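Throughout, read-outs are computed from the coordinates displayed, never taken from laboratory work. Please read all numbers here as calculations on a predicted model, not as lab measurements. Every residue, glycine as well, gets a Cβ built from its backbone with ideal geometry; the counts of neighbours run over all protein chains shown.
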Ligand code: SF4
């Protein structure tokens, strides 16, 4: 195995590992297991992480909340999830929604007639075979049409779509990202909305932390406090997850972001999947697309 020198230290690199990465379910080849073990050992010697010295994005932060080791494998070592045949579906839905909201902001009346053309232009599925492409395109059409039916009455409240925000906690801890949608009700209350568009469920504690971080980001970016943060799941519009914004919530968000920043900067990428007990943590690991490399926070039977 070749090793690469980083900061004067020699450690395995992604190119070394990728050719031998393969899994059968949760089992890892012996050769790959040895390399992954060496990678884990090398983490203890790696230089202090620069990720938070520059900045981290909201989407990356989610992985750090979910499991610091997952963050490390993805963003320091560059392991990507396997290419899925449905790759592009979620992004396509988000992009179509953004255009829809933007056109509302430009004063256009939006109804279901625009959906087929939005799907045609935005839902790009380069790895899907023909039947799957048709199935996913039909699903995207249904989701967007349902969204217009269910949420069209609130379109007049839209204030921003894809608004950039930044959390700067000082000491080099900075997080940037975008909020999918911001609505201002006639009562002048601000609602911050994040869209989910796939069934890759995550622990509720991670979703709630994300919501708190969005609320904090909105307040830092605008100087104004949002009233409510909402996760709107396009697969289930009848059950949006809502949280009222309180000072305690914003404090929890700040504490969580600072804690992640300090742990990562201290090179502390523990295998700590989210979850209140071992069963929940096992569940997080089983859904983790890097479990074949990592092996999980403990051995699975
Ligand atoms: S398998 Fe579990 S411990 Fe390993 S990176 Fe994923 S969530 Fe973390």
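For segment 246-301, what does the alpha-carbon gyration tensor say about shape, rounded, prolate or oblate, given a ≥ b ≥ c as the root eigenvalues, a/c under 1.5 as rounded, and a/b over b/c as prolate?
It is oblate, given that a/c is not under 1.5 and a/b is not larger than b/c.
Give me the percent relative contact order of segment 202-298, please, defined on Cα pairs under 8 angstrom at least 6 residues apart.
Result for segment 202-298 is 24 percent.
Take residue 159 and residue 289, extend 7 Å from each Cα along the Cα→Cβ direction, and tell me the distance between the two endpoints in nm.
Result: 3.4 nm between the two label points.
Tell me, what are the semi-axes, in whole angstrom and largest first, of the equivalent ellipsoid of segment 161-227 as set by the roots of 5 times the Cα gyration tensor eigenvalues?
19, 18, 11
Output needed for segment 89-154: three equivalent-ellipsoid semi-axes, defined as square roots of 5 times the C-alpha gyration tensor eigenvalues, in descending order, whole Å.
22, 12, 9
For segment 86-229, restrict the atom set to alpha-carbon positions and state the Rg and Dmax in Å.
Rg and Dmax of segment 86-229, Cα atoms, are 16.6, 51 Å.
Run the numbers on segment 78-137 and let me know its relative contact order in percent, using alpha-carbon pairs under 8 Å that are six or more apart.
The value is 53 percent.
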